[in-house]
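S.K.: Take this structure, written in structure tokens, and hold onto it; I'll ask about it next.
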Amino acid sequence: MAHHDGGRAADDASLTGALPLDARPARGVAAPDFHVFDTTLRDGAQREGISLSVEDKLTIARLLDEFGVGFVEGGWPGANPRDTEFFRRAAEDLTLHNAQLVAFGATRRPGGTAADDLQVQALLESGAPVITLVAKSHDRHVEQALRTTLDENLAMIRDTVSYLREQGRRVFLDCEHFFDGYRANPQYATSVVRTAYDAGAEVAVLCDTNGGMLPGQVRAVVSTVLADTGARLGIHAQDDSGCAVANTLAAVDAGATHVQCTANGYGERVGNANLFPVVAALELKYGRNVLPPGGLALMTRISHAIAETVGLAPSTHQPYVGVSAFAHKAGLHASAIKVDPDLYQHIDPELVGNTMRMLVSDMAGRATVELKARELGYDLSGDRDLLARLVERVKERELRGYTYESADASFELLLRTEITGDPLEFFRIESWRTIAESLGDGTHANEATVRLWAKGERILSTGEGNGAVNALDRALRAALERIYPPLAEIEMANYRVRLLGDSGGSGSTARVTITLRGGGSEWTTIGVGSNILAASWEALADGYTYGLSHLGVSPL
Ligand SMILES: CC(=O)SCCNC(=O)CCNC(=O)[C@H](O)C(C)(C)COP(=O)(O)OP(=O)(O)OC[C@H]1O[C@@H](n2cnc3c(N)ncnc32)[C@H](O)[C@@H]1OP(=O)(O)O
Ligand SMILES: CC(=O)C(=O)O
């Protein structure tokens, strides 16, 4: 793997002597390797709502390394105690097998020297073998934000890059606001790249810092700068125009060989180029081996694990890795997928560790139901009448408010009823009722009574709860647990209610979905009713029925 060779070369040299200047590819000659550079721990952490502990950062660094990126930018040592501590802990506890650890920081301050700049010293003290420096490349930013001259900015870049190189570090230069700067003053923006490259920076990374560029613009600028400087170029794209992934790939088309991305696209404002679609495109569509063997198949798990670590729910609709990325709802799609999944999928989901799913809804046809049944372990192929009946049942129930796409367990019960002609029954309900009482002191009491038949016995049970649904659940469980002891293993993982708004306001039809777990798995059921209690009862009854059958209990 090319970039891993580069990584090893630097590993050997690392703190004691990074790639010598003459070991870089000659100017104008295509670099032999390709860098996948991750900045989740630096730019990703700049997203509103993300606050990573040192432990979180170490966990994410290990996940990114397992995935196989070539570089993990860990943060800005010296900017805050947490990032400084991260690099200290990384030196002690972080063993990376594929990646090089990168420290991020700015060039020296105007008017000083790199050797005397505290912030530059903090970069060295981080111990990171690779350093990314951010530098201004837009003349207006130099004059207005940095409040210095254009020449002094070039001197800051030259001094800082060459000083860090002399200290044995590999150096990449992030040219901040490069594309806007290039539009305003192409000579100056290009001189930033030349200065950095001549001083020993390995890569000049062209940054679309404000994220407003479009792919055609990025492609044109990268091609021109590459031709004019012969420098090795990278791309860092923010996603403000929704084009960060496309802009990253456009830069690669134009000759960039270093891509800076973040896991799940986390980053400042709306985010950065998402690492996962960029890497998947490079591997699967460009045919470049940018990951170690096996890395791509870990992608879905790594994406979700990083989301969990940062405390955000994994995005269900994220390309390649979202749970909906290969979920098919339309009947016509399913009928073609039945013949060949490639007809409606751009890749085989298993290549990225994801799976195909069929969604049963009122947009389903016979093929959808047949494929869903197969997914659940039932072979209905050839039984056109049964499939047609099931489609009709689903459509009729969806019209009444049911939605089976996430309620696989209720769909399976419906399927079994259609196949056998009888519903699966562990109990038969005689009646249930709830009482909600306001106690006058601001507190409330909720009580439920359930009367049912199970194994020939009539059972009356009561339950109390913090709400009417909770009381009903407790009463039902109390009735069933004595007859079916394995039910004690089942617990509720999630309860969601939605009013469908059909009659406006609180009189609307209610839809309840319940997720239960037990015996090492989870299942979701649905109930629809004229009120929340009726809908909850149906979802609960389905949930315990499915659960008992899943735990191998025989009915009635
Ligand atoms: C485009 C990007 O996302 S780059 C990454 C940005 N990330 C961050 O800013 C997060 C971490 N930042 C921080 O913790 C703080 O801003 C620090 C520690 C870096 C600096 O804090 P402070 O010293 O209090 O300065 P402050 O944040 O107000 O301003 C930044 C200073 O850096 C200077 N600066 C900005 N870019 C550069 C550069 N490329 N090279 C040198 N100096 C720079 C600014 O001119 C300003 O200087 P001033 O103090 O003389 O006005
Ligand atoms: C460096 C960086 O994060 C940017 O220019 O957006």
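S.K.: Give the accessible area for Lys395 in Å² (nearest 10); use a 1.4 Å probe, count only protein heavy atoms, and leave out ligands, DNA and RNA.
M.R.: Taking all protein chains as shown, Lys395 has close to 80 Å².
S.K.: Now for a separate question. Once the Cα atoms of helix 408-420 and of the chain are each reduced to a long axis, what angle between those two axes, in degrees from 0 to 90 to the nearest 10, is obtained?
M.R.: That helix lies at roughly 40 degrees to the long axis.
S.K.: Check Gln100: other-chain or 5+ apart residues with amide H under 5 Å from its amide H, H built from backbone geometry?
M.R.: Phe71, Val72
S.K.: Quick check: the angle from helix 2-13's long axis to the longest principal axis of the chain, C-alpha only, nearest 10 degrees?
M.R.: So the inclination is approximately 60 degrees.
S.K.: Ignoring any ligand, DNA or RNA, what whole percent of the accessible area of the range 427-483 comes from carbon and sulfur when the probe is 1.4 angstrom?
M.R.: 46 percent
S.K.: Would you mind checking which residues have amide H under 5 Å from Tyr495's amide H? H placed 1.01 Å from N; only 5 or more apart, or other chain.
M.R.: Thr515
S.K.: Over its Cα atoms, what ratio of radius of gyration to 2.2 N^0.38 Å does the chain give?
M.R.: This ratio for the chain stands at 1.23.
S.K.: Just give me a number: lysine pairs in the chain, eight or more positions apart or cross-chain, with C-alpha atoms less than 17 Å apart.
M.R.: 5
S.K.: Still on this structure, I have one more. Please compute the Kirkwood hydrodynamic radius of the range 318-429 from all pairs of different C-alpha atoms, in Å with one decimal.
M.R.: This gives a value of 14.7 Å.
S.K.: Still on this structure: Multiply the residue separation of Val270 and Glu375 by 0.36 nm, subtract the distance between their alpha-carbon atoms, and state the gained length in nm to one decimal.
M.R.: Result: 34.1 nm gained on full extension.
S.K.: Sort Leu487, Leu150 by accessible area with a 1.4 Å probe, largest first.
M.R.: Largest accessible area first, the residues go Leu150, Leu487.
S.K.: Which trypsin sites (Lys or Arg not before Pro) in the range 452-556 pass both tests, a DSSP loop state and at most 12 other beta-carbon atoms within 10 Å?
M.R.: Filter output for the range 452-556: Lys455.
S.K.: With just the Cα atoms defining each centre, how far is the range 288-360 from the range 117-185? Give it in Å.
M.R.: 39 Å
S.K.: Sticking with this one: Given C-alpha coordinates of the range 87-184, what is the ratio Rg to Rh with the Kirkwood estimate of Rh?
M.R.: My calculation puts Rg/Rh at 1.03.
S.K.: May I pose another question? Rounded to whole Hz and in sequence order, give me ³J(HN,Hα) for the range 37-45 from the Karplus expression 6.51 cos²θ - 1.76 cosθ + 1.60, θ = phi - 60°, writing x for Gly and Pro.
M.R.: 10, 9, 10, 4, 6, 10, 6, x, 6
S.K.: For the range 71-82, in order, what is each residue's ³J(HN,Hα) by Karplus, 6.51 cos²θ - 1.76 cosθ + 1.60 with θ = phi - 60°, in whole Hz (x at glycine and Pro)?
M.R.: Listing the rounded values in order: 9, 10, 7, x, x, 10, x, x, 7, 8, x, 5 Hz.
S.K.: For the range 198-212, just list the computed ³J(HN,Hα) in residue order, Karplus coefficients 6.51, -1.76 and 1.60, θ = phi - 60°, integers in Hz, with x standing in for Gly and Pro.
M.R.: Along the range 198-212, the couplings run 5, 7, x, 5, 6, 9, 9, 9, 7, 9, 9, 5, 8, x, x Hz.
S.K.: Using alpha carbons only, how many degrees (0 to 90, rounded to 10) separate the axis of helix 54-67 from the longest principal axis of the chain?
M.R.: For 54-67 against the chain, the angle is about 90 degrees.
S.K.: Next question, about the same structure. For a quick check: with amide H placed at 1.01 Å from N, whose amide H comes under 5 Å from Met358's, ignoring anything fewer than 5 positions away on the same chain?
M.R.: Sorted by chain and number, the residues that satisfy this are His328.
S.K.: Per residue, how much space in cubic angstrom lies within the convex hull of the C-alpha atoms of the range 373-443?
M.R.: Spread over its residues, the Cα hull of the range 373-443 gives 166 Å³ apiece.
S.K.: What is the Rg over Rh value, at two decimals, for the range 118-257, using alpha-carbon atoms and the Kirkwood definition of Rh?
M.R.: Reported Rg/Rh, Kirkwood definition of Rh: 0.96.
S.K.: Along each of the three principal axes of the Cα atoms of the range 427-483, give the extent in whole Å, ordering the values from largest to smallest.
M.R.: 43, 17, 12
The values are calculated or read from the model by the stated rules, or taken from the named source; none is laboratory data. All of these numbers come straight from a predicted model, not from anything done at the bench. Glycine gets a Cβ as well: all are built from the backbone with ideal geometry, and neighbour counts include every protein chain shown. To get the accessible areas, we keep the full protein, side chains included, count just its heavy atoms, and leave off ligands, DNA and RNA. Shrake-Rupley method; radii C 1.70, N 1.55, O 1.52, S 1.80 Å.
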